[in-house]
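Only one structure is covered here, and it is reproduced in the block below.
The values are calculated or read from the model by the stated rules, or taken from the named source; none is laboratory data. For clarity, every value in this text was computed on a predicted model and none was experimentally measured. We place every Cβ from the backbone using ideal geometry, glycine too, and count neighbours over all the protein chains shown. Ligands, DNA and RNA are excluded from the accessible area calculation, which covers all protein heavy atoms including side chains. Shrake-Rupley method; radii C 1.70, N 1.55, O 1.52, S 1.80 Å.
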Amino acid sequence: MTHKATFFNFDHWGLGKEYLQSSDKLKAAGVEAAFVENVLNANNVPTGPNADFDIAAVFMDSPVDAATIAALPNVKFITTLSTGFDHIDLVAAAARAIPVSSVPAYGENTVAEFAFALLLALSRKIREASARVKDEMKFTTDGLCGFDLAGKTIGVVGTGHIGKHAVRMAKGFGMKVVAYDVIHDDAFAAEMGFPYISLEELLAQSDVVTIHAPYLPTTHHLINAQNIGLVKKGAYLINTARGAIVETAALIAALKSGQLGGAGLDVLEEEAAMKAGDVSVDRELVAMSNVIVSPHNAFNTREAFVRILDTTIDNIVAYANGAPINLVK
Ligand code: NAD
C-alpha cells in the first residue's frame with residue numbers, strides 16, 4: 001500500500017468500516033483504510049505508528065483548523081464526508097498545498113425530506129400528539145390542532161442541490177414557493193413556477209422559512225436581530241443548513257415574542273461545543289417548547305451514507321492517482 005487513509009469519528013459507522021475495508025477501488029489504488037473512533041482536532045491527533053497517514057477523512061464534527069493541520073505533518077490530502085466544509089481551514093490547508101475534497105451531492109432529497117419532517121412535526125404537533133398517547137395514555141385531541149401546509153407560502157433560502165428538492169416537495173404539498181439566492185436558476189424557477197425575491201421580501205411573505213444556503217462569511221447571521229422582525233408574525237423557521245446562519249439571540253427573542261411561531265433546527269450555532277460535552281451552550285434555545293431540535297441528523301439515511309462513502313472512495317482514489325476531484329475552494 002502506498003497511501004493510508006485514516007477515517008475519524010468512525011465509532012458509530014460499523015457498516016462504513018466494512019464497506020471501506022472491502023473496497024476494491026481503494027485496494028486497486030494502493031490505499032489502506034484505518035479508523036479512529038474520535039473526531040480529529042488539535043488535541044486528538046494520532047501519534048506513534050498511527051500518525052503515518054497521508055490522507056485524513058473527516059466528518060463535519062472534526063474541526064480541522066490551522067493548529068490541527070500544523071499537527072499533521074504527514075497529511076497531504078483531506079477529504080470530508082460532508083457537503084459543507086466550513087469546519088476545515090482552507091487557508092491553512094492551501095499554505096501546505098493540501099488539497100481538500102468534499103462530497104458535493106449525496107443527500108439532496110435526504111436533507112430536504114428531513115426539513116419537511118421537522119416542519120410537519122411542528123405543523124401537526126407530532127411530538128405532543130405522540131406523548132399524549134404514549135406518556136399519558138390519553139386518546140384526546142384537545143390542544144393538538146395544527147395547520148395545513150397546502151396554501152401556505154414557504155420561503156426557500158438557497159436553491160442549490162437541497163433547496164431545489166425542498167422546492168419540489170413544497171409544491172407537492174400544494175405550497176406557494178418564493179426563494180432567495182445570490183444566484184438565480186431562472187430555468188428551474190420557470191419550470192417550478194416560483195419567483196426569486198429579496199431576503200427581506202421573503203421573510204415578510206413566508207409562513208415557513210427553510211434555509212438551504214452554505215455557511216460562508218456572507219451567510220454568517222444572515223437571519224439576525226436587524227431583519228428577524230420582518231418575519232411574518234407567527235411564521236416557522238426550519239434550519240437544516242448551518243447553525244451560525246441564524247443569530248441565536250435574535251432567534252430566541254423572536255420565538256419568545258411570538259414573531260416566530262416555532263423553529264425546527266437540525267443545526268445549532270454552538271453545536272461543536274455541545275458535541276464536545278459543553279451543556280451550557282444553546283441551552284435556552286433547545287429548551288423552548290416551540291422548538292424542535294435534532295443533532296445534525298438530516299443527512300443520516302442508509303442510502304445517503306452509501307452515497308457519501310462511494311464519493312469519498314472516489315475522492316481518495318482520484319487523489320491517489322494524482323488528479324484530485326471534488327475540490328473545495
Ligand atoms: P449547494 O451549494 O448546492 O446550494 C447552496 C445554494 O445556496 C446555492 O444555490 C448558492 O447560490 C446559495 N447561496 C450561497 N450564498 C448565499 C447567500 N448569501 N444567500 C442565499 N443563498 C446563497 O448546497 P446544498 O447541497 O444545497 O447544501 C446546502 C447546505 O446544506 C450545505 O452547505 C450544508 O451546510 C448543509 N447541509 C446540511 C446537512 C445536514 O445533515 N444537516 C447535510 C448536507 C448539507
Residue pairs meeting the criteria (Cβ under 6 Å; at least 6 apart or on separate chains; first under 20 Å from Gln226 (Cα atoms) and in contact (Cβ under 8 Å) with a residue 40 or more places away in the chain, in the stretch 173-200; second within 11 Å of the ligand (Cβ to nearest atom) and open to solvent by 50 Å² or more (accessible area, probe 1.4 Å)): Leu199/Tyr180
task: Tell me which of these Leu216 doesn't satisfy, since it passes every other one: (1) more than 16 Å from the ligand (Cβ to nearest atom); (2) surrounded by fewer than 21 Cβ atoms within 10 Å (Cβ to Cβ).
output: (1)
message: If Ser123 satisfies all but one of (1) over 13 Å from Tyr236 (Cα atoms); (2) in contact (Cβ under 8 Å) with a residue 60 or more places away in the chain, what's the number of the condition it fails?
response: (1)
message: For the stretch 145-166, which positions are within 16 Å of the ligand (Cβ to nearest atom), out of contact with any strand residue (DSSP E or B) (no Cβ under 8 Å at 6 or more places or on another chain) and assigned to a loop (DSSP other than H, G, I, E, B)?
response: Gly160
- request: Examine the stretch 187-197 for a residue that is closer than 22 Å to Asn109 by Cβ and part of a loop (DSSP other than H, G, I, E, B), and state whether such a residue exists.
  value: yes
- prompt: Out of the stretch 272-296, which residues are within 19 Å of Gly262 (Cα to Cα) and within 15 Å of the ligand (Cβ to nearest atom)?
  reply: Ile292, Val293, Ser294, Pro295, His296
statement: Here the residues within the stretch 90-144 that are under 22 Å from Gly172 (Cα atoms) and away from the ligand (no atom under 16 Å from the Cβ) are Leu120, Leu122, Ser123, Arg124, Lys125, Ile126
message: Restricting to the stretch 47-72, give me the number of residues that are surrounded by fewer than 19 Cβ atoms within 10 Å (Cβ to Cβ) and either part of a strand (DSSP E or B) or modelled with pLDDT of 95 or more (or both).
response: 6
- prompt: Inside the stretch 175-195, can you point out the residues that are farther than 19 Å from Ala121 by Cβ and either away from the ligand (no atom under 16 Å from the Cβ) or open to solvent by 40 Å² or more (accessible area, probe 1.4 Å) (or both)?
  reply: Lys176, Tyr180, Val182, Ile183, His184, Asp185, Asp186, Ala187, Ala190, Glu191, Gly193, Pro195
